[in-house]
Amino acid sequence: VVAIRAVGLNRADNRYILGKHFPPNRFPACVSHEAVGEIVQLGPKQTGTAKRQTWKVGDRVAFVPMLVDTPGMGVLRELGVYDQSALLPVPEAFSDQEAAAYWMGILTMGGAMEVASLGPENSRGKVIVITAATGGTATIGLQLARAWGVDCIATTRSPAKVERLSALASHVALLDSAEKLSHEVRALCPKGADAIIDPLGGDFVGASVKALAPGGRYVGYEAVTGPTGSYDTMALIGADASIHGFTFFRLLQHPGSLDRLVGIGMEYSGQVKPILAGSYRFDAAPEAYTALENPAHFGKVVITI
């Protein structure tokens, strides 16, 4: 049993509430799968529980998002019952709000970079692009890339966000359309990007292919602008490039990757810190979810229980 202290929100929450995101809605239902809390009651350790840690009452814990039964239990609540395998450690220096905003970014961006064949051991000097870079997940990715020595290009469509992004990325590209992506990336790095990590999808897939360096990898993890797009097959072949999809559910099929990313998250917690866009009270949860759609927000929206 975990007493929830803070909950992190993301775009998928709103899509789920609107019936546009898996898992299928069933009612009554809870929402959200990112949180931090305190263990207040503990059963015997389960067979097959990941070897990340032995828990005790009083421990502050976060959650593996894909191991939370979102509609059945979720984390937007005062108390919840969860499998021990769903629990994660929390960096000691983080506040509850920061801890609730941390692990989704590490698992998503770290996992996507792993698919792009990037990690702390081989990324120094590589060039990567992180598109739509002002959300809570992407800002974690920018900091992780910087800690690994990556030359990172962040993109945004908002001129008002360029200055803040400049503190996190090597370069910032201001885009008002997919067509500008390749031009801006090539202007900053003529050889192209070694990897592009993208939640936008749609026309940005084809634009990304044109921006890849020889052997480069496009990794898509959402389709914010739409589920379909096209790309120049000859550009893909000519660059010996590749297109990949990533969902953090992949980590359930590769438990070694999950444990590796948890280790990375703890190791780099001194260099990677969640950026909070705002904290809302539990009774203001509807306003918090509405804030997710505000184009001005920068970082992670959280709810404090």
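The values are calculated or read from the model by the stated rules, or taken from the named source; none is laboratory data. The structure displayed is predicted, hence computed values, not measured ones. Don't worry about glycine lacking a Cβ; one is built from the backbone with ideal geometry, like all the others, and counts go over all protein chains shown. Accessible surface areas use protein heavy atoms only, side chains included; no ligands, DNA or RNA. Shrake-Rupley method; radii C 1.70, N 1.55, O 1.52, S 1.80 Å.
Side notes on the structure shown:
- Residue in the range 147-157 that is surrounded by the most Cβ atoms within 10 Å (Cβ to Cβ), counting only those that are over 27 Å from GLY226 (Cα atoms) and of a type in the set (Gly, Ala, Ser): ALA147
- Any hit, the range 81-96, residues being in contact (Cβ under 8 Å) with a residue 60 or more places away in the chain, in a helix (DSSP H, G or I) and surrounded by fewer than 24 Cβ atoms within 10 Å (Cβ to Cβ): yes
- The single condition from (1) part of a loop (DSSP other than H, G, I, E, B); (2) in contact with a helix residue (DSSP H, G or I) (Cβ under 8 Å, 6 or more places away or on another chain); (3) at pLDDT below 95 that CYS30 fails is (2).
- The set of residues in the range 129-139 being open to solvent by less than 10 Å² (accessible area, probe 1.4 Å), β-branched (Val, Ile, Thr) and touching a Leu at 6+ places or on another chain (Cβ under 7 Å) consists of ILE130, THR131, THR139.
- Each residue in the range 263-290 was checked for being under 18 Å from the mean Cα position of the chain (by Cα), of a type in the set (A, V, I, L, M) and assigned to a helix (DSSP H, G or I), and 2 pass.
- When LEU181 is tested against the conditions (1) over 19 Å from SER242 (Cα atoms); (2) without any contact (Cβ under 8 Å) to a residue 60 or more places away in the chain, the lone failure is (1).
- One residue stands out in the range 54-80 among those that are assigned to a loop (DSSP other than H, G, I, E, B) and among the aliphatic types (A, V, I, L, M): the one that is farthest from LEU42 (Cα to Cα), namely LEU76.
- Any pair with Cβ under 6 angstrom, 6 or more apart, that starts in the range 227-255 at a residue that is more than 15 Å from ALA207 (Cα to Cα) and ends at one that is open to solvent by 60 Å² or more (accessible area, probe 1.4 Å) and in a strand (DSSP E or B): ASP240/PRO214
- Condition met for ALA235 (aliphatic (A, V, I, L, M) and closer than 26 Å to VAL301 by Cα): no
- Within the range 4-16, the set of residues being within 16 Å of VAL302 (Cα to Cα) and either out of contact with any strand residue (DSSP E or B) (no Cβ under 6 Å at 6 or more places or on another chain) or not β-branched (Val, Ile, Thr) (or both) comprises ARG5, ALA6, GLY8, LEU9, ASN10, ARG11, ALA12, ASP13, ASN14.
- Residue in the range 5-26 that is in contact (Cβ under 8 Å) with a residue 40 or more places away in the chain, touching a Lys or Arg at 6+ places or on another chain (Cβ under 7 Å) and either buried (at least 22 other Cβ atoms within 10 Å of the Cβ) or more than 30 Å from GLY220 (Cβ to Cβ) (or both) present: yes
- Among all positions in the range 59-80, there is at least one residue which is within 28 Å of ASP198 (Cβ to Cβ) and aromatic (Phe, Trp, Tyr).
- Pick from the range 158-171, criterion among the hydrophobic types (A, V, I, L, M, F, W, C) and outside any loop (DSSP other than H, G, I, E, B), ranking: most open to solvent (accessible area, probe 1.4 Å): ALA160
- When the range 105-120 is filtered for residues that are of a type outside the set (S, T, N, Q) and either in a loop (DSSP other than H, G, I, E, B) or open to solvent by less than 10 Å² (accessible area, probe 1.4 Å) (or both), the ones remaining, listed by number, are GLY105, ILE106, LEU107, MET109, GLY110, GLY111, ALA112, MET113, ALA116, LEU118, GLY119, PRO120.
- Odd one out for ASP259 among (1) open to solvent by less than 30 Å² (accessible area, probe 1.4 Å); (2) within 28 Å of VAL302 (Cα to Cα): (1)
- From the options LEU144, LEU174, residue that is buried (at least 19 other Cβ atoms within 10 Å of the Cβ) and either more than 20 Å from the chain's Cα centre (by Cα) or not aromatic (Phe, Trp, Tyr) (or both): LEU144
- For the range 225-247, the candidate set comprises residues that are β-branched (Val, Ile, Thr) and surrounded by 15 or more Cβ atoms within 10 Å (Cβ to Cβ); within that set, the residue that is farthest from the chain's Cα centre (by Cα) is ILE243.
- Count of residues meeting criterion [part of a loop (DSSP other than H, G, I, E, B), under 25 Å from GLU179 (Cα atoms) and not charged (D, E, K, R)] in the range 121-157: 5
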